[in-house]
Structures are given as C-alpha cells and as structure tokens.
Amino acid sequence: QDNYSQSKKGVLRGLHYQLQPMDQGKLLRCTKGAVFDVTVDLREDSSSFGKWFGIELNRPEQAIWMPPGIAHGFYTLSESADIQYKVTKYYDPASERVLLWNDPALRIQWPIDEPPRICKRDIKEAKTFKLSPKHKFKP
C-alpha cells in the first residue's frame, strides 16, 4: 500500500505502531520540505528494544526503512512537508496504537523550540512505554 501525508510546520505525528498480525514494515521518504523522523524499536527480541533513532529527512532520494515492530513519528521542520511511504500490509485502524511522543522512559530528543501541534487522537490515545517485571512491552 502506498500512503501520502502532508504536514505543516510545528506538527508532530505519532508515534504510531500496529499490533500483530497487522504490524507494518514502512519505507518512508520526505519528497518536499523537511521532517525530523523518529523510530522506536518495540521488538522484544531485538538488541535495540526500547531505543529510539532520529534523523532529518530533507531530500527526496533519502529514505528510511522500518521493519514491522517499530513505532514511528515525525515532526515537521519546514513550512510544509510531503511524506510518501510504502507499507507491507494494508492499514487496519483497529490494530493501530500510539506511543506518547514525549514519554520520559524513551527520552526522545526532538528538535522542538515550542510545544508541537498534535492531533486530538494522538493525544487522547497515546500510551507510555511500560515494561513489566518480565520486561515485556505492554501496548
């Protein structure tokens, strides 16, 4: 499935992820403008489980691959930005979840000078990254 998103300066989207079996791999690029793109590894068997990675995407030929099991979000740096991404499975709203963008447990260093604009759904549905005593991610 091919997806397109357009965003304005100061807007933060995510951090979105999908539950199995509808978890998606994503190949994403910013075709116009610039975004700070963030991924968080939610794969419990991964050596980078619970860690985040951020990169500025600002050229159409620059892309980032996120395998299934990765939460994703971005902050728009330019006046506007166009994002295109390919996903490995069709969108299933019932399986989508949101991690809190500023969760203290994740310590993501967003390049933000003022409070971002966030859609109501992302605010309302966002959960914190919690580990149980057995270190299992609790979506």
Asp103's amide H: which non-local residues (gap 5+, or another chain) put their own amide H closer than 5 Å, with H modeled 1.01 Å from N in plane and none for Pro or chain starts? none
Rounded to the nearest 0.05, what FRET efficiency do Arg121 and Ala94 give with R0 = 22 Å and r taken as the Cβ-Cβ distance? Could you check? 0.95
Using only the Cα atoms of the stretch 1-83, construct the convex hull and provide its projected area averaged over every direction, in square nanometres to one decimal. 5.3
Among Pro67, Pro104, Ile55, whose Cα lies farthest out toward the positive end of the dipole of the chain, if unit charges sit on the beta carbon of Lys, Arg (+1) and Asp, Glu (-1)? Pro104
Taking the Cα centre of the stretch 33-139 as the origin, how large is its charge dipole in debye, to the nearest 20, when only Lys and Arg (+1) and Asp and Glu (-1) carry charge on their Cβ atoms? 620
Taking only C-alpha pairs under 8 Å that are 6+ residues apart, what is the relative contact order of the chain in percent? 35
Kindly provide the helix-only [θ] at 222 nm of the chain, computed as the sum of -39,500 (n - 2.57) over DSSP H runs of four or more divided by all residues, to the nearest 500 deg cm²/dmol? -1000 deg cm²/dmol
Mind checking the full-extension length gain between Thr31 and Asp113? Use 0.36 nm per residue of separation minus the Cα-Cα distance, one decimal, nm. 27.1 nm
If you filter the stretch 60-102 for trypsin sites (Lys or Arg not before Pro), then keep DSSP loop positions with at most 10 other Cβ within 10 Å, what is left? none
Structure shown: which of Lys8/Lys124; Lys8/Lys120; Lys8/Lys89; Lys51/Lys127 lie over 23 Å apart, alpha-carbon to alpha-carbon? Lys8/Lys89
Write down, largest first, the equivalent ellipsoid semi-axes of the chain in whole Å, where each equals the square root of 5 times an eigenvalue of the alpha-carbon gyration tensor. 23, 17, 14
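No lab work stands behind these numbers, since they all come straight from the coordinates. Just so you know, these numbers come straight off a predicted model, no measurement behind them. Glycine gets a Cβ as well: all are built from the backbone with ideal geometry, and neighbour counts include every protein chain shown.
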